[in-house]
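Chemist: Below is one structure. I have some questions about it.
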Amino acid sequence: MNTPSPSENVAPSAGLRRRSFFQTVLSGAGVVLGAPRLLRGDALAAQQGPGGREFHEPARDLPLCADADVIVCGGGPAGVAAAIAAARAGARTRLFEVHGCLGGIWTAGLLTYIFDFAKPGLTREILQKLERRDARRGTNRDRFVYEPEEMKLLLEEMCTAAGVNVLLHSRVAAAYREGRRLATIVTESKSGRQAWQAPVFIDATGDGDLGAQAGCQWDTGQAQDCPCQPLTLNALAVVRDAAKMGDFISFFAGNDNMAQHVKATKNVLAEIRRAGCDPSYGMPTLFQARDNLLLVMLNHEYGIKAFDAAAISDATLRARAEISKIVRALSALGGVWEGMRLVASAEQIGVRDGRRIHGRYTVTREDLVRGARHADGVARVTFGADIHAATREKNHKETISHGGLAFRPYDIPLRALLAKDVDGLLMAGRCISGDFVAHASYRVTGDAVAMGEAAGAVAALAARSKRMPHDVPWEQAAELLQQTTRKN
């Protein structure tokens, strides 16, 4: 079926004629014909391929669409929250997501477990709507298990009701600046390469893809070249009678005791070893999603950079093979494990360490120690540093550490969500500005939602008032969020 080009909906006042506007050049600069010159982000200068050779892609015109006030790249917890908040604030909002569903790690990643969720605003709204669907397990509203398929539907319904224009199966492929201001992005999808413009953009890709493409400086892991926290591929499995597996399921039957969780993982580890396997993760974990459906979190992939496609691919294949091997081995033990079968493995491997885009404030280890408070605080983080061992050898000695610090709840300021090197760009979720230890705390999804909600409100105010996001006082955005929260 033929679909009209997005550019056909652009009024003449929205920009220059499509074919005279935009050309892509992979030699390190973007050229605009008949319009102000756009500069491609410095981070995307031409790079040699694996074979040491280069191919110069011919320049071509792209269909251009400028029908949005706010463009959000990434439809995970942070991106969905940002898009909903922006749309509810009256901004025309587009949301691009690379997978075939919204939710990111919640859904495509089958995370199934939420941390640091006891916050006002969208977190509370999502929790209440999951409860109405009987789609969450546990009594603690700060951390709980949910059903990923119900989460997919819920997020789609919320975005639709807010008026968000969602485009799935679309990846941001390039970004272009006009001076310091981010002006245009290019996406790749089944519709080919398309160009999009908006006054304000939000990077909610998790791995900071948009910020890097726009030329922002960034960090990853403990240093520019890592070491990074490991990746985990989640999966769903069925068992014959979960009611008989209380010794192995974390937080079973609403038990919110962390000691029970630790004991359960030790029991699972012992059973996996009894089955003849040596798991790559020292705290293999089972959660009860519903009835006899369990989330299985059994593996780690070490030393993988989130922006290395070949390494991510290899890690995903190894992880899926390891999960399958372990589940088959457990089933062969018999007893409560008899009949255990994998139902689905995640489409997206779970990444802990991606790019951290440099912002106008950097959240640091010291913020956690002193319990930092900020006048422009957009989220109060109550989850401590959660640092998974960087190598398999270290995993055997200490699977998870807490950074050796005495943690106190702290604020993430709006300034950490504002790109330092590029105007008109906000970040939300894992890719905000922070150091390695702080990132190991705020990267959990409850905080991602709060950050996304704040970024969406600021972006909407900036676009509607023709200001840059860094010129919007947080007090105005906070008041706007309170108003929209009361309405919804």
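Chemist: Could you list, in sequence order, all residues of the stretch 302-317 that are surrounded by fewer than 17 Cβ atoms within 10 Å (Cβ to Cβ) and over 19 Å from residue 222 (Cα atoms)?
Modeler: 309, 310, 313, 314, 317
Chemist: I need every pair where a residue in the stretch 402-428 that is over 30 Å from residue 198 (Cα atoms) has its Cβ under 6 Å from the Cβ of a residue that is surrounded by fewer than 24 Cβ atoms within 10 Å (Cβ to Cβ) and among the polar types (S, T, N, Q), sequence separation at least 6 or different chains.
Modeler: 409/382
Chemist: Out of the residues in the stretch 196-214 that are assigned to a loop (DSSP other than H, G, I, E, B) and within 20 Å of the chain's Cα centre (by Cα), state the one that is nearest to residue 423 (Cα to Cα).
Modeler: The qualifying residue nearest to residue 423 (Cα to Cα) is 214.
Chemist: A follow-up question, please. Of all residues in the stretch 159-174, how many are outside any helix (DSSP H, G or I), crowded, with 19+ Cβ neighbours inside 10 Å and not small (Gly, Ala, Ser)?
Modeler: 3
Chemist: Which condition breaks for residue 272 when tested against (1) surrounded by 17 or more Cβ atoms within 10 Å (Cβ to Cβ); (2) farther than 30 Å from residue 308 by Cα; (3) among the aliphatic types (A, V, I, L, M); (4) touching a strand residue (DSSP E or B) at 6+ places or on another chain (Cβ under 9 Å)?
Modeler: (4)
Chemist: Mind listing whichever residues of the stretch 150-179 are of a type in the set (D, E, K, R) and touching a residue at least 24 places away in the same chain (Cβ under 8 Å)?
Modeler: 152, 156, 171, 177, 178
Chemist: Now for a separate question. Condition (residue is part of a strand (DSSP E or B) and modelled with pLDDT of 50 or more) applied to the stretch 27-45: is it met by at least one residue?
Modeler: For the stretch 27-45, residues part of a strand (DSSP E or B) and modelled with pLDDT of 50 or more: present.
Chemist: A further question on this structure: With respect to residue 382, determine if the residue is in contact with a helix residue (DSSP H, G or I) (Cβ under 7 Å, 6 or more places away or on another chain) and either closer than 30 Å to residue 89 by Cα or at pLDDT 95 or above (or both).
Modeler: The answer is no for residue 382.
Chemist: Is the stretch 64-79 home to any residue that is touching a Phe, Trp or Tyr at 6+ places or on another chain (Cβ under 9 Å), of a type in the set (D, E, K, R), at positive phi and in contact (Cβ under 8 Å) with a residue 24 or more places away in the chain?
Modeler: Within the stretch 64-79, not a single residue is touching a Phe, Trp or Tyr at 6+ places or on another chain (Cβ under 9 Å), of a type in the set (D, E, K, R), at positive phi and in contact (Cβ under 8 Å) with a residue 24 or more places away in the chain.
Chemist: If you don't mind, another one. Going by what's in this entry, would residue 428 be described as in the same structural domain as residue 148 (by TED's automatic domain parsing) and closer than 20 Å to residue 218 by Cβ?
Modeler: So residue 428 fits the description; yes.
Chemist: Another one. Would you mind telling me which numbered condition in (1) under 22 Å from residue 63 (Cβ atoms); (2) surrounded by fewer than 18 Cβ atoms within 10 Å (Cβ to Cβ) residue 194 fails?
Modeler: (2)
Chemist: Select the helices (runs of 4 or more DSSP H) contained entirely in the stretch 403-488, then report the ones holding at least 3 residues which are polar (S, T, N, Q).
Modeler: In the stretch 403-488, the matching helices (runs of 4 or more DSSP H) lie at 474-487.
Chemist: I would also like to ask the following. Using the structure shown, decide if residue 138 is under 17 Å from residue 294 (Cβ atoms) and either touching a helix residue (DSSP H, G or I) at 6+ places or on another chain (Cβ under 6 Å) or modelled with pLDDT under 95 (or both).
Modeler: In short, yes.
Chemist: Filter the stretch 135-158 for residues that are more than 17 Å from the chain's Cα centre (by Cα) and part of a helix (DSSP H, G or I); which is surrounded by the fewest Cβ atoms within 10 Å (Cβ to Cβ)?
Modeler: Result: 157.
Chemist: Restricting to the stretch 177-195, name every residue that is more than 18 Å from residue 469 (Cβ to Cβ), assigned to a strand (DSSP E or B) and not charged (D, E, K, R).
Modeler: 186, 187, 189, 192, 194, 195
The values are calculated or read from the model by the stated rules, or taken from the named source; none is laboratory data. Since the structure is predicted, the reported quantities are computational estimates derived from the model, not experimental observations. In this analysis, Cβ positions are derived from the backbone assuming ideal geometry, glycine residues included, and neighbour counts consider all displayed protein chains.
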